[in-house]
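S.K.: Shown below is the structure under consideration.
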């Protein structure tokens, strides 16, 4: 096995010459086999062990075993003793999850403190199969079939191509002892039930079952990567970005095979789940404009002809503008104010406002529009609801929520960025004006 291990880590370039790494070592078969392989291969490691305090004297025995092994080889060793039960109770999580959090946090702290190149973990082929099946039980999608990566960030798993049986044979050959954790024989945990009952029953169906499963999962992983690549191409062609909003037309998704998967991969980074993607596909069969689907921080709205994805609007605090205010800032940008000057030319840019100063009542306010707000748009003598004005101007639902109004007294003088009120316009009798310009 040693030759196969050396060939594997060389082909995959898992380690760099003259670099030091942190080896996570429990004292069990897997980590001790990896420790022996790495030491024999001349890869410099520092050893890290966590005493979870879950098996009394047995836990202490594991700690002593790892310390002695490292010291006999003059390797730096880092020990962390912890109360795992207390950690789990404090965070309201399982003992297994607590142990996972504790060890990874400890390993990362040591890696950073000692400027090490990575954290080496002893997960092997059996662990990989168990992980994939547990992911299936949890209901994960195709990425759940990927299992663990040989290298992900700082984590390195050089034993994934090797089975536990390979490790046992190797350890017997090199006469390297290890510690047995009696909790591994228990069926109290899902992984142990799968290890001792579920997978052996599956393997018994056919002599080649195990190898066939590994080959099938490898093909599915490759298929998943191909899908991810094609998805990015599809996304680039059909999802457009504008003003911080993502748009996807119904035509681009409603008739696509695998529409729910495409939607899920698009929306997943924004906190949406696969069930929401399925619900969305159903909604596209008969679109009801204005329907919303939310994640923790984003909204997805069904507009007239397309889906719109945007951050959930943050409450806008009302701004007060006393006479002479030089500038103000809105979420869409900064604005400069010029006071008491009569303009020679009318500024017709809707992003700006040119108002008759003598018509205004101070202080002015800028706030989000409200459902009952009304104003008489420039060129009209009668009032119109702001909501109807936005509909007439085909303002998408996502952008409607961002619209602000400039209020003078109790009257709206400007729907910011869109239209001033007719009563506040500059005319032949205007003596002074207020010019608001977007920077």
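The values are calculated or read from the model by the stated rules, or taken from the named source; none is laboratory data. Note that the structure is predicted; figures quoted are calculated from it, not measured. Cβ coordinates were reconstructed from backbone atoms using ideal geometry, including for glycine residues, and neighbour counts include every protein chain displayed.
S.K.: Tell me which residues, restricted to the range 76-108, are within 21 Å of residue 118 (Cβ to Cβ) and surrounded by fewer than 17 Cβ atoms within 10 Å (Cβ to Cβ).
M.R.: If the condition is that a residue be within 21 Å of residue 118 (Cβ to Cβ) and surrounded by fewer than 17 Cβ atoms within 10 Å (Cβ to Cβ), then 76, 79, 100, 101, 104, 105, 108 are the ones that fit.
S.K.: Another question about this same structure. For the range 10-32, does any single residue satisfy the condition of being without any contact (Cβ under 8 Å) to a residue 40 or more places away in the chain, in a helix (DSSP H, G or I), under 30 Å from residue 190 (Cβ atoms) and assigned by TED's automatic domain parsing to the domain that holds residue 189? Steps first, please.
M.R.: Initial filter on the range 10-32 (without any contact (Cβ under 8 Å) to a residue 40 or more places away in the chain): 10-11, 13, 17-18.
Narrowing further to those that are in a helix (DSSP H, G or I): 10-11.
Now drop any that are not under 30 Å from residue 190 (Cβ atoms), which leaves none.
Among the residues of the range 10-32, not one is without any contact (Cβ under 8 Å) to a residue 40 or more places away in the chain, in a helix (DSSP H, G or I), under 30 Å from residue 190 (Cβ atoms) and assigned by TED's automatic domain parsing to the domain that holds residue 189, which makes the answer no.
S.K.: Here's another thing I want to ask about it. Taking strands (runs of 3 or more DSSP E) that fall entirely within the range 333-439, which contain at least 1 residues that are touching a helix residue (DSSP H, G or I) at 6+ places or on another chain (Cβ under 9 Å)?
M.R.: Strands (runs of 3 or more DSSP E) meeting the threshold: 333-339, 353-356, 404-408, 411-415, 433-438.
Conditions (1) outside the structural domain of residue 122 (by TED's automatic domain parsing); (2) farther than 21 Å from residue 176 by Cβ; (3) in a helix (DSSP H, G or I); (4) touching a strand residue (DSSP E or B) at 6+ places or on another chain (Cβ under 9 Å), marked per residue:
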position: 62; (1), (2), (3), (4): no, no, yes, yes
position: 79; (1), (2), (3), (4): no, no, no, yes
position: 87; (1), (2), (3), (4): no, yes, yes, no
position: 98; (1), (2), (3), (4): no, yes, yes, no
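S.K.: Continuing with the same structure: Which of the residues spanning the range 424-439 are more than 48 Å from the chain's Cα centre (by Cα) and either surrounded by 18 or more Cβ atoms within 10 Å (Cβ to Cβ) or outside the structural domain of residue 337 (by TED's automatic domain parsing) (or both)? Spell out how you get there, then give the answer.
M.R.: Of all residues in the range 424-439, those more than 48 Å from the chain's Cα centre (by Cα) come to 425-433.
Hits for the range 424-439 are 425, 426, 433.
S.K.: Looking at the range 305-319, can you tell me whether even one residue there is in a strand (DSSP E or B), closer than 30 Å to residue 361 by Cβ and touching a strand residue (DSSP E or B) at 6+ places or on another chain (Cβ under 7 Å)?
M.R.: First, the residues of the range 305-319 that are in a strand (DSSP E or B): 306-311, 319.
When the remaining residues are screened for being closer than 30 Å to residue 361 by Cβ, the result is 319.
Filter again for touching a strand residue (DSSP E or B) at 6+ places or on another chain (Cβ under 7 Å), leaving 319.
Checking the range 305-319: at least one residue is in a strand (DSSP E or B), closer than 30 Å to residue 361 by Cβ and touching a strand residue (DSSP E or B) at 6+ places or on another chain (Cβ under 7 Å).
S.K.: Check residue 218 against each of (1) closer than 29 Å to residue 258 by Cα; (2) in the same structural domain as residue 64 (by TED's automatic domain parsing) and name the one condition it does not meet.
M.R.: Condition (2) is where residue 218 drops out.
Okay, residues lined up against (1) surrounded by fewer than 16 Cβ atoms within 10 Å (Cβ to Cβ); (2) in contact with a strand residue (DSSP E or B) (Cβ under 8 Å, 6 or more places away or on another chain); (3) without any contact (Cβ under 8 Å) to a residue 24 or more places away in the chain:
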site: 217; (1), (2), (3): no, no, no
site: 230; (1), (2), (3): yes, no, yes
site: 238; (1), (2), (3): no, yes, yes
site: 242; (1), (2), (3): yes, no, yes
site: 245; (1), (2), (3): no, yes, no
site: 249; (1), (2), (3): yes, yes, no
site: 263; (1), (2), (3): no, no, yes
site: 294; (1), (2), (3): yes, yes, yes
site: 300; (1), (2), (3): no, yes, no
